[in-house]
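Engineer: Can you read through this structure? Questions will come right after.
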């Protein structure tokens, strides 16, 4: 089946207008970046609602519109369940860690490691994390290039360069403020697109009752034989570890807000968005089983629905929304990776006395370097081909790398028992076991030990009747080894006096609320004057005008009503935010 979508002039108008708005936001914040704290932490002054939406948008990419709709189309509601695993993961992070990340008073996720453990661990995790992030970002760019190529017929390599370049430009100019505000606008675009395609899909299928009466048996169950509760539990644990530690950009959303209460609000807002968002986004794929039955490639269900249901202009809006899903995640990664390179490596070892102006310049150059390397990685993947094999290998390698880093980072915040030695050896042993198991998994011969059976064709490890995929085996093994080694070293090796003093000082500082330390009583810098209300308000109005401009191409009364209603709401909301910004300026 031909999955290419034909764009018309209103669609190009919408997409170009969207990209120009993203660049305009970056330019707006360009001159406001006075110091490294502004550029990488938003001066700890980003509002919780803005940081929460940015967290949510940074947690998934365009792959979400390929893999999860595919699962919904084939198995039903289980596709939504596999995204809902983010809810308990975020709740854990919110309850136990959000306020601690803010009270850690850090400007980089890796800075915490030196305060809690040692300078060696800070550098080790930084140098291990940067290449991993660049490869991960290359995969995301490769995914968006593949999506554009398959759906629109554009050249894949130029699609990757274009999308990656635009994200890089606004992140380069405006730092974390630009990232957070563009994430919010991208959230609005995504929400508007979903609000339009969801009712259109149900309407075309005959209504809600008609759809649910004709669904295949078991389609509304939370799990399926292919994805049971064991797999769901594995995902919950993996998300919990990753989102609380190795996912630097999500940690950044906790410490960029003014207070620890704001950090908790960030997490709670993400929980709410994840409760509501996945059903709204992916129910159309379930409806698609009746609109487009027998689709050979379930991963193309969303482009097919867009082509069937959306008129000119609205199709451009949906394409922009899918861009937004990846742009948010990539821009966040660009910023936080540049933060680690600037703060944890350049400032820590190269130029400790560098001025704020120099650090902002270096931060921008590091952002540029990370973006170019990610684009280069994506182009290399395109040349290698065999995308499915490449994705499988990368997911497997990330299963190896996650737990050995995540376990020490989380335990270091929760307990004063663990020392730098236990974290160091736990990391090395966990990583060694993961790499060893990965190498053994490359064998094409079936292997058996007691009741453990390795099936190379299915990439599963079986224990009696239960079979686990390779990535689950690697994650569980590396998690357990890292944890056990840390516990053993903590129990067997007494804590040294220097370690005890360091850890006590860290937790003493961690127990003090924001605003109680002497240095926090001083005047806040220039970032205090930055307010997102005006730029967000104007941006909402621009999105509304772009949508209103394509109203003549609506094609149906329902589409016109949905478009007009959303446009009016955005104009009123944007006007209210602009007015609020003016009132704040007057009161100051």
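Engineer: For a Förster distance of 22 Å, can you work out the FRET efficiency between the beta-carbons of residue 558 and residue 580, rounded to the nearest 0.05?
Structural biologist: Computed FRET efficiency for residue 558 and residue 580 comes out at 0.10.
Engineer: Same structure again: So what is the relative contact order of the chain, in percent, for Cα pairs below 8 Å that sit 6 or more residues apart?
Structural biologist: The value is 26 percent.
Engineer: Right, something else. When N is the residue count of region 25-70, what does its C-alpha Rg come to as a fraction of 2.2 N^0.38 Å?
Structural biologist: 1.57
Engineer: Still on this structure, I have one more. Relative to the present Cα-Cα distance, how much length would full extension add between residue 488 and residue 272 at 0.36 nm per residue of separation?
Structural biologist: 73.8 nm
Engineer: Please rank 220, 167, fewest neighbouring Cβ atoms within 10 Å first, as an exposure proxy.
Structural biologist: With the sparsest Cβ surroundings first, the list reads 220, 167.
Engineer: Compute the length gained on full extension between residue 441 and residue 417: take 0.36 nm times their separation in residues and subtract their Cα-Cα distance, giving the result in nm to one decimal.
Structural biologist: Stretched out fully, the residue 441 to residue 417 stretch lengthens by 5.1 nm.
Engineer: Sticking with this structure for a sec: Only Cα pairs under 8 Å and at least 6 apart count here; give the relative contact order of region 84-202 as a rounded whole percent.
Structural biologist: Relative contact order for region 84-202 comes out at 9 percent.
Engineer: Right, here's the next one. What ranking of 157, 512, 133, 502 emerges when the number of other C-beta atoms within 10 Å of each C-beta is taken as an exposure proxy, fewest first?
Structural biologist: Placing the least packed residue first, the sequence is 512, 157, 502, 133.
Engineer: Okay, moving on. Once you place label points 7 Å from the Cα toward the Cβ at residue 215 and residue 361, how far apart are they in nm?
Structural biologist: Those two pseudo-labels are separated by 5.9 nm.
Engineer: Once each part is reduced to its C-alpha centroid, what is the distance from region 395-441 to region 78-114 in angstrom?
Structural biologist: Going from one Cα centre to the other spans 18 Å.
Engineer: Then there is this: Hey, fewest Cβ within 10 Å first, where do 99, 349, 343, 115 land in order?
Structural biologist: The order, fewest Cβ neighbours first, is 349, 115, 99, 343.
Engineer: Which FRET efficiency value, to the nearest 0.05, do you get for residue 501 and residue 350 by plugging their Cβ-Cβ distance into 1/(1 + (r/R0)^6) with R0 = 22 Å?
Structural biologist: Once rounded, the FRET efficiency stands at 0.20.
Engineer: Report, in whole Å, the centroid distance computed from the Cα atoms of region 266-339 and region 480-519.
Structural biologist: Region 266-339 and region 480-519 have Cα centres spaced 42 Å from each other.
Engineer: Subtracting the Cα-Cα distance from 0.36 nm times the residue separation, let me have the gained length for residue 12 to residue 296 in nm, one decimal.
Structural biologist: Extending this stretch completely gives an extra 99.3 nm.
Engineer: Same structure again: From the square roots a ≥ b ≥ c of the eigenvalues of the alpha-carbon gyration tensor of region 183-283, which class results: rounded (a/c under 1.5), prolate (a/b over b/c), or oblate?
Structural biologist: oblate
Engineer: Rounded if a/c is under 1.5, else prolate if a/b beats b/c, else oblate: with a ≥ b ≥ c from the C-alpha gyration tensor eigenvalues square-rooted, which is region 152-197?
Structural biologist: oblate
Engineer: I've got another one for you. Just one of [x] 151; [y] 190; [z] 209 is volume of the Cα convex hull per residue in Å³ calculated from these coordinates, so which is it?
Structural biologist: The value computed from this structure is option [x].
Engineer: Tell me whether region 50-180 comes out rounded, prolate or oblate; compute the Cα gyration tensor, take square roots of the eigenvalues as a ≥ b ≥ c, and use a/c under 1.5 as the rounded threshold.
Structural biologist: It is oblate, given that a/c is not under 1.5 and a/b is not larger than b/c.
Engineer: Same structure, new question: For a Förster distance of 51 Å, can you work out the FRET efficiency between the beta-carbons of residue 509 and residue 551, rounded to the nearest 0.05?
Structural biologist: E between residue 509 and residue 551, to the nearest 0.05, is 0.35.
Every read-out reported here was derived from the displayed coordinates using simple, explicitly stated rules and does not represent laboratory data. As the structure is a prediction and not an experimental result, all values here were calculated from the model. Positions of Cβ are generated from backbone atoms using ideal geometry, with glycine treated the same way; all protein chains shown enter the neighbour counts.
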